[in-house]
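The values are calculated or read from the model by the stated rules, or taken from the named source; none is laboratory data. Values in this document were obtained by computation on a predicted structure and should not be read as measured data. We place every Cβ from the backbone using ideal geometry, glycine too, and count neighbours over all the protein chains shown.
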Amino acid sequence: MICCLPLALKMHAQDLPVDKKATAETIHLYRHLKSLPQKGFLFGHQDDLAYGVGWKYMPGRSDVRDVTGDYPGLYGWELGGIELDHPVNLDGVPFDKMREFIRLAYRRGGVITISWHLNNPLTGGTAWQPAPGTVASLLPGGEKNALYKSWLDKVAVFLQSLKGDRGENIPVILRLFHELNGSWFWWGANHCTPDELQRLWRFTLSYLRDEKQLHNLLYAYNTDNFATPEAWLERYPGDDWIDVAGFDTYQRKSNAEFAAAFDNMLTMLGSIAAKHGKIPALTEFGYNGLPDSSWWTGTFLPVLQKHRLAYIMAWRNAGEEPGGHHEFYVPFTGQASAADFVRFHASPRALFQQAATKEKLYQ
Ligand code: BMA
């Protein structure tokens, strides 16, 4: 089909991602994600192939697959630590293994999204350690701009190293400065002005796209929970600077309270995405520990089905962590909500790997 590509691109010239030089595979993915919500949503899971509850690095294994017989249609990965030249990310995932998992998932037609809990470049603290002036220090002319660029260089090397079997760059949805309306990260709402965040966003995107010439990226802007469309848009960098519009949400209250708030946010996101011509997505979600055996089809799916999203992504199945902390967001074999997750998988709108493969998202 190479011969027909320029014509195809011209015909749709009005609808390109923010990177006008995006690779053919990236443009295909972008356009599929635009129309996919009419059919259903890709089901995604963070770190799915690396570990699950009670296991780590077992080739081919996945908690999602153990329970449903099907892999996710979308895979989340995390780069925190790459800026320090660490061989593993902040959750212990070796970057070399991550690259192989990404190749594997892409080969079977899955979609890749990447977040980055980068350290605080001003103080050397973690992403969760804000300090006044951090965002301003990263902008051109700021005292940490050179350091920040050197960190972006490392991210660029990794993103550039993701290659398909024909040597093509694997498209990635890069989720920059996520949950930026919260204040737990140094880029959060109480630690910089909307203008500073927007300048940092545009600087970062321009640097990756124009300086580093990365053309395999779609860019996701996502808040945490939000109360009004104005709140979601407060730090929005502009229609020319994002491809995916999303938010993260976790259930921490009763089913009824969660469902009502979730429904309301999805309604607002739906109109924002339609108005601004963006891909709507639930960029992170979860109910830690899944104590309700019918949560998937009793609480979550009834709300989801009322709305149109290109993808949803459950956060990581870390399992038991030091200090007795327990974290998982999809069931594993024998978990209380496992049977209900199988029913969720059977929903025609839930697109896991087998359905994603059929969509041929890169063609
Ligand atoms: C958080 C938790 C942490 C993890 C961090 C970055 O939500 O899952 O355990 O280190 O994300 O992935």
Is it the case that the stretch 307-326 has a residue that's modelled with pLDDT of 95 or more, on the phi < 0 side of the Ramachandran plot, away from the ligand (no atom under 16 Å from the Cβ) and surrounded by fewer than 15 Cβ atoms within 10 Å (Cβ to Cβ)?
-> no
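Somewhere in the stretch 45-61, is a residue buried (at least 21 other Cβ atoms within 10 Å of the Cβ), among the small types (Gly, Ala, Ser) and in contact with a Leu (Cβ under 8 Å, 6 or more places away or on another chain)?
Filtering the stretch 45-61 for residues buried (at least 21 other Cβ atoms within 10 Å of the Cβ) gives 45-52.
Still in the list and also among the small types (Gly, Ala, Ser): 50, 52.
Next cut, in contact with a Leu (Cβ under 8 Å, 6 or more places away or on another chain) only: none.
No: the stretch 45-61 contains no residue that is buried (at least 21 other Cβ atoms within 10 Å of the Cβ), among the small types (Gly, Ala, Ser) and in contact with a Leu (Cβ under 8 Å, 6 or more places away or on another chain).
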For Cys192, the lone unmet condition from (1) surrounded by 15 or more Cβ atoms within 10 Å (Cβ to Cβ); (2) within 16 Å of the ligand (Cβ to nearest atom) is (2)
Quick check: is even one residue across the stretch 146-157 surrounded by fewer than 21 Cβ atoms within 10 Å (Cβ to Cβ), on the phi < 0 side of the Ramachandran plot, over 23 Å from the mean Cα position of the chain (by Cα) and of a type in the set (Asp, Glu)?
-> no
Residue check: is Gln354 more than 12 Å from Thr68 (Cα to Cα) and not basic (Lys, Arg)?
-> no
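How about the stretch 123-141: which of its residues are assigned to a loop (DSSP other than H, G, I, E, B) and hydrophobic (A, V, I, L, M, F, W, C)?
Residues of the stretch 123-141 that are assigned to a loop (DSSP other than H, G, I, E, B), as a first pass: 123-133, 139-141.
Matches in the stretch 123-141: Ala127, Trp128, Ala131, Leu139.
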Answer yes or no: is there a residue in the stretch 43-66 that is in contact (Cβ under 8 Å) with a residue 12 or more places away in the chain, closer than 30 Å to Glu143 by Cα, more than 16 Å from the ligand (Cβ to nearest atom) and assigned to a loop (DSSP other than H, G, I, E, B).
-> no
Of the numbered conditions (1) within 16 Å of the ligand (Cβ to nearest atom); (2) outside any loop (DSSP other than H, G, I, E, B); (3) over 23 Å from Leu29 (Cα atoms); (4) polar (S, T, N, Q), Thr283 satisfies every one except a single condition; which is it?
-> (3)
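Mind checking which residues of the stretch 209-238 are hydrophobic (A, V, I, L, M, F, W, C) and over 23 Å from Asn181 (Cβ atoms)? Before the answer, list the steps.
Step one: of the stretch 209-238, the residues hydrophobic (A, V, I, L, M, F, W, C) are 214, 217-218, 220, 226-227, 231-233.
Listed by number, the list holds a single entry, Leu214.
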Answer yes or no: is there a residue in the stretch 82-99 that is within 29 Å of Ala339 (Cα to Cα), among the hydrophobic types (A, V, I, L, M, F, W, C) and touching a helix residue (DSSP H, G or I) at 6+ places or on another chain (Cβ under 7 Å).
-> no
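Residues in the stretch 239-282 that are among the hydroxyl-bearing types (Ser, Thr, Tyr), over 20 Å from His178 (Cβ atoms) and touching a residue at least 24 places away in the same chain (Cβ under 8 Å): how many? Can you show your working first?
Of all residues in the stretch 239-282, those among the hydroxyl-bearing types (Ser, Thr, Tyr) come to 249-250, 254, 267, 271.
This time we only want the ones that are over 20 Å from His178 (Cβ atoms), so: 254, 267, 271.
Retained after the next criterion (residues that are touching a residue at least 24 places away in the same chain (Cβ under 8 Å)): 267, 271.
Matching residues across the stretch 239-282 total 2.
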Looking at the stretch 71-89, which of its residues are in contact (Cβ under 8 Å) with a residue 24 or more places away in the chain, assigned to a loop (DSSP other than H, G, I, E, B) and either buried (at least 24 other Cβ atoms within 10 Å of the Cβ) or away from the ligand (no atom under 13 Å from the Cβ) (or both)?
-> Tyr71, Pro72, Gly73, Asp85
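Is there a residue being of a type in the set (D, E, K, R) and either modelled with pLDDT under 95 or more than 13 Å from the ligand (Cβ to nearest atom) (or both) anywhere in the stretch 289-298? Full working, then the answer.
Here is the first cut: in the stretch 289-298, the residues of a type in the set (D, E, K, R) are 292.
In the following step, the residues that additionally are either modelled with pLDDT under 95 or more than 13 Å from the ligand (Cβ to nearest atom) (or both) were identified as 292.
Yes, some residue in the stretch 289-298 is of a type in the set (D, E, K, R) and either modelled with pLDDT under 95 or more than 13 Å from the ligand (Cβ to nearest atom) (or both).
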Would you pick out the residues in the stretch 183-239 that are among the acidic types (Asp, Glu) and assigned to a helix (DSSP H, G or I)?
-> Asp195, Glu196, Asp210, Glu211, Glu230, Asp239
Considering only residues that are more than 18 Å from Leu79 (Cβ to Cβ) and surrounded by 19 or more Cβ atoms within 10 Å (Cβ to Cβ), look in the stretch 111-133 and name the one that is nearest to the ligand (Cβ to nearest atom).
-> Pro130
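Considering each residue of the stretch 90-100, count those that are under 18 Å from His45 (Cα atoms) and either in a strand (DSSP E or B) or away from the ligand (no atom under 15 Å from the Cβ) (or both), and give that number. Explain how you work it out, then say what you get.
From the stretch 90-100, those under 18 Å from His45 (Cα atoms) are 90-95, 97-100; that's our starting set.
Add one more test, that the residue is either in a strand (DSSP E or B) or away from the ligand (no atom under 15 Å from the Cβ) (or both), and what stays is 94, 97, 99-100.
Residues in the stretch 90-100 being under 18 Å from His45 (Cα atoms) and either in a strand (DSSP E or B) or away from the ligand (no atom under 15 Å from the Cβ) (or both): 4 in total.
Can you tell which of Lys275, Lys253 is over 16 Å from Arg308 (Cα atoms) and among the charged types (D, E, K, R)? I'd like the intermediate steps shown before the answer.
Numbers: Lys275 fails: over 16 Å from Arg308 (Cα atoms).
Going through Lys275, Lys253 in turn, the sole match is Lys253.
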Do the conditions hold for Ala259, that is, is it touching a Lys or Arg at 6+ places or on another chain (Cβ under 8 Å) and of a type in the set (A, V, I, L, M)?
-> no
Does at least one position in the stretch 339-348 carry a residue that is assigned to a loop (DSSP other than H, G, I, E, B) and either under 20 Å from the mean Cα position of the chain (by Cα) or within 16 Å of the ligand (Cβ to nearest atom) (or both)?
-> no
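Could you tell me whether Ala274 is of a type in the set (A, V, I, L, M, F, W, C), farther than 30 Å from His32 by Cβ, away from the ligand (no atom under 16 Å from the Cβ) and over 17 Å from the mean Cα position of the chain (by Cα)?
On the way: of a type in the set (A, V, I, L, M, F, W, C): yes; farther than 30 Å from His32 by Cβ: no; away from the ligand (no atom under 16 Å from the Cβ): yes; over 17 Å from the mean Cα position of the chain (by Cα): yes.
Judged against the criteria, Ala274 is not a match.
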